[in-house]
Structures are given as structure tokens and as C-alpha cells.
1. Find, among the GluC sites (Glu not before Pro) in the range 46-155, those assigned to loop by DSSP (not H, G, I, E, B) with at most 11 other beta-carbon atoms within 10 angstrom.
2. Put a dot 7 Å past each Cα toward the Cβ at T238 and K413; how far apart are the dots in nm?
3. Say the cut-off is 32 Å between C-alpha atoms; which of K198/K223; K198/K418; K230/K388; K223/K413; K151/K405; K230/K413 go over it?
4. Restricted to Cα positions, what overall size does the chain have along the principal axes? Three whole-Å values, descending.
5. Can you give the longest stretch of the chain with no exposed loop site, where a site means chymotrypsin sites (Phe, Trp or Tyr not before Pro) in a DSSP loop (not H, G, I, E or B) with at most 16 other C-beta atoms within 10 Å?
6. At a Förster radius of 60 Å, what calculated FRET efficiency corresponds to the Cβ-Cβ distance of D435 and S57, to the nearest 0.05?
7. Please report the net charge: other residues with Cβ closer than 14 Å to the Cβ of G234, K and R +1, D and E -1.
8. In nm, give the distance between the simple-model label positions of E169 and D129, each being 7 Å from the Cα along the Cα-to-Cβ direction.
Amino acid sequence: MKLKQILALAMAATMTFSFAGCGKADEQQTISKTDESDKTEEKTKDQVTLRIAWWGSQTRHDATNKVIEMYEEEHPDVHIDAEFYDFDSYFTKLDTLVAADDVWDIFQMGGNFPKYENVIEPLDSFIEDGTIDVSDTSDNFLSTTQNAEGKQIGISIGTNTYGIAYDPEMFKEAGISQPTDDWTWEEWKQDCIKIHDKLGIYGSSKMDNFIAGVTQRISQYEKDANFFKKTNDGLDWTDPKPIADYMQMIKELTDKEAYPDAGAIKEIKDIEGDYLVTEDAAMTWVASNQLASIVNAAGRDIKIAPVPRISKDGAYGMGIQSSQQFCVSKSSKAKKEAAEFINYFVNDIDANKVLNGERGVPIMNKVRDSVMEQATDSDKLIYDFVDKIGKFPKEECNVISPDQKDEIEDQDKLLIEKVQYGELSAEKAAKELVDFSQSKFN
């Protein structure tokens with residue numbers, strides 16, 4: 001064979017081997033890219049997307065979004081789509097989603113949750129299997145978000161309660177002892193009279209006469225009794241006597257000028273104008289989450305006492321209430337993952353330092369303690385007070401209200417004014433209130 005032919009054959013063989021080698025490399029590269037694509041697709045398939053919504057202020061929005069970012073960083077397999085609204089827009093949107101059977105996976109609810117129970121997934125099974133850890137709270141706190149059958153409809157993400165804010169220096173000047181945890185309405189009445197007689201001011205600024213004189217009053221009059229049915233579809237109590245007794249007390253205090261009449265009450269436009277703040281009264285009714293505002297507006301030492309009872313050894317008639325709760329929707333395709341996020345939201349200390357109790361006092365003890373460490377002195381008053389009421393003996397008090405409540409409350413306000421002005425007896429006014437309330441459910 002000639003030399004040129006030998007060289008040609010050698011070059012051909014080399015090129016064939018070289019092309020074969022390139023083919024193998026290309027094939028391996030293609031397989032490698034396919035593997036990467038499969039892994040990405042697999043990761044996408046494994047990632048869960050949760051939809052969550054709430055209403056509230058910009059402060060709430062910012063803090064909640066920060067906590068969502070923290071959760072996503074710790075759980076890269078979870079992506080959370082957040083929506084937030086003002087109160088009215090929130091429920092308009094919720095009603096639309098309910099009609100379409102497409103409610104958010106996690107959604108915020110208040111005391112009107114019975115209206116939406118048919119779209120809420122109870123959380124009992126997630127509590128039983130440990131997905132949601134409730135070992136660091138009490139039955140009192142859990143019961144704030146249970147329905148009439150005791151099912152855990154949601155988990156509270158903030159609690160509050162009611163009390164009597166008072167000026168301890170004014171009590172001292174009037175020569176009377178500060179309120180005790182078991183003080184009675186008779187003691188409250190006598191304190192009002194003595195304060196007026198000694199200091200020439202109202203004993204108490206305006207009360208929430210519907211809570212104090214109707215809903216809580218019934219539960220104090222008979223332990224575990226309630227004015228509204230827990231099913232929110234009617235009255236559970238129709239005896240007007242305890243309501244009449246309260247109205248008569250307000251009438252007597254008004255006559256003695258120890259309590260403001262309807263005209264004077266209408267002069268109170270906001271917290272800054274409350275008679276306790278302006279030093280025209282020694283006491284006032286307050287929701288616990290308003291206490292800091294009253295203390296700051298007053299600019300002096302203000303304390304808070306539990307609401308009085310009918311008798312010292314009688315029922316308190318009202319415990320803590322959930323300001324908001326997180327619920328899981330029945331339509332959710334990721335209920336367990338939704339429950340896991342709720343567990344993080346209520347139990348994680350770092351998350352709650354960011355949330356800072358903006359929705360109300362946290363229900364978990366360790367979380368409450370950690371948030372309290374960064375609280376102002378006036379906020380610490382709130383935490384201590386809610387913690388105290390949360391440890392009162394558990395009672396079966398209805399902490400939810402039907403849609404008819406606002407109209408009934410307005411009627412109660414009108415009737416009390418008539419009693420104050422002597423246009424109607426307390427007994428007749430109480431009977432009219434019960435009859436009116438019953439008519440709203442017919």
C-alpha cells in the first residue's frame with residue numbers, strides 16, 4: 001500500500017474516533033440538562049402554594065408580610081400568596097369566594113365566624129396529631145374560637161377582654177379602697193356615689209350598657225347562661241329581671257349625678273374626651289386593647305380592674321375574647337400545610353416579636369412573655385390583665401354575636417336613655433328590650 005493511502009486511512013480512523021467522542025459528550029450533556037429540568041420540575045411539583053388573607057391597618061400588613069417571608073425562608077417548599085384589605089372590602093371579597101367555593105387556604109375571622117362555618121375546616125384533628133401545638137395555652141384561650149359544639153373553628157391570633165379603668169389617686173382622695181378581683185356591682189355603685197359626694201365628679205364615665213347590662217349580666221345572673229344562643233339564631237334567655245336591675249342601678253346613679261346622663265355621654269367623642277381622661281370621672285368601661293390609649297391620653301397613673309359581679313362568689317360572666325383568629329378553608333387542597341403555618345404564627349417567638357401583639361394579646365404563654373419583654377409599661381398592664389382574666393375559672397360564656405346584635409344594642413341604648421330621663425320604668429324597658437330582641441329573629 002502506498003504511503004499516502006496509509007496516511008489517509010489513519011486520518012479517517014482518527015476523525016471517526018473523534019466524532020464518536022463528540023457524540024458521547026453531546027449525549028451526556030443532553031442527559032445532564034434533562035436531569036436538571038426534571039429536578040426543577042420535581043421541585044416545582046413539590047412546592048405548595050398557600051393563599052392567605054386578612055384585614056387591618058398598614059402596621060398589621062407590614063408585620064404579617066414580614067412573618068410570611070420568615071416562614072418561606074424556613075420552608076422553601078412553601079410559597080404564600082398574601083392578600084389584605086380594609087374590613088368592609090375583606091368581607092365583600094370573602095362572600096364572593098364563598099359563593100365560588102374558592103376561599104383562601106388561610107383566612108382571618110372575627111366573632112362572626114358562625115356565619116361562615118360551612119366553609120371552615122375544624123382544626124381538632126390537627127391539634128390531636130400535633131400539627132398545631134396548643135400545649136402552652138389554656139382551655140379558656142382555646143374556647144374563644146370554638147363553636148357551640150366545642151369544635152375548634154380557628155386558633156386565636158390575638159385576645160382581649162373588658163374591664164374597669166380607674167384612677168387610684170381619686171379612690172384614695174375619696175377615702176375608698178381600690179377594686180378587688182371579686183368586687184360587686186353594689187360596691188361599684190356605692191363607690192360611684194362616694195366619689196361624687198367627696199370629689200364632685202362622676203363616679204364613672206360611660207359604661208358599655210349592653211355588655212355590662214345584658215350579655216354579661218345574664219351570664220352573671222345564672223352561671224353558663226347566655227342572652228344569645230351560641231348558634232346565633234335566637235335568644236337563649238327571656239327573663240327581663242336581671243336587665244331591669246341593671247337599668248334601675250344606672251337610673252339611681254344618674255339621679256344622684258354620680259353617672260352621666262344621656263346628654264353628657266353624647267359629649268364624649270373619643271378616648272381623649274372620656275371623663276376619666278379629663279378627670280371628670282374616676283372610672284370608665286374599657287376594652288383591654290384600649291387601655292394603653294387611655295393611659296397615654298390621661299398622662300397619669302391609671303389601673304384596671306375586672307368588671308364587677310352580681311355577688312362575690314358568683315359567676316364572672318365573661319372571660320377573654322378572640323379579637324381575630326386564623327381559619328382553614330374546607331376547599332383548601334393543602335389543609336395540613338395551612339395548619340402548619342398557623343402553628344408557626346401562634347407559637348414562634350421570633351415571629352411574634354415582629355407581630356408584637358398588634359391583633360391582641362397572644363394565647364401562648366411563652367410567646368406572651370417574650371412579647372411582653374418589649375412592651376411599654378401601659379402595654380404591660382394589658383398583658384397582665386388579660387393573663388389574669390384568662391386564668392379565671394372557665395365558664396360557658398357566649399363570646400360571639402349574631403348579625404342582629406347591632407340593632408338590638410341600639411334599642412338597648414335608646415331604652416336606657418328613656419329610663420334615665422324617667423320616661424320609662426326599668427322593668428318596662430327591660431321587657432321591651434327582650435320582646436324587641438325576640439322579634440329580630442322571627
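1. Numbers: sites: E69, E72, E73, E74, E83, E117, E128, E149; in loops: E149.
Here the GluC sites (Glu not before Pro) that fit, given the DSSP loop and packing criteria, are E149.
2. For the pair K413/T238, the computed spacing is 2.8 nm.
3. On the way: K198/K223 36 Å; K198/K418 28 Å; K230/K388 25 Å; K223/K413 25 Å; K151/K405 23 Å; K230/K413 23 Å.
Flagged as over cut-off: K198/K223.
4. 135, 49, 36
5. Numbers: sites that count: Y421, F441.
Between the exposed loop sites, the longest stretch runs 1-420.
6. Values: r = 40 Å, r/R0 = 0.67.
Taking R0 as 60 Å, the efficiency between D435 and S57 is 0.90.
7. Values: positive: K229, K230, K405, K440; negative: D233, D236, D403, D435.
Net of charged neighbours comes to 0.
8. Taking the two extended label points, one gets 5.9 nm.
The values are calculated or read from the model by the stated rules, or taken from the named source; none is laboratory data. This is a predicted model, so every value here is computed, not measured. Reconstructed Cβ throughout: ideal geometry from the backbone, glycine too, with neighbour counts over all protein chains shown. Accessible surface areas use protein heavy atoms only, side chains included; no ligands, DNA or RNA. Shrake-Rupley method; radii C 1.70, N 1.55, O 1.52, S 1.80 Å.
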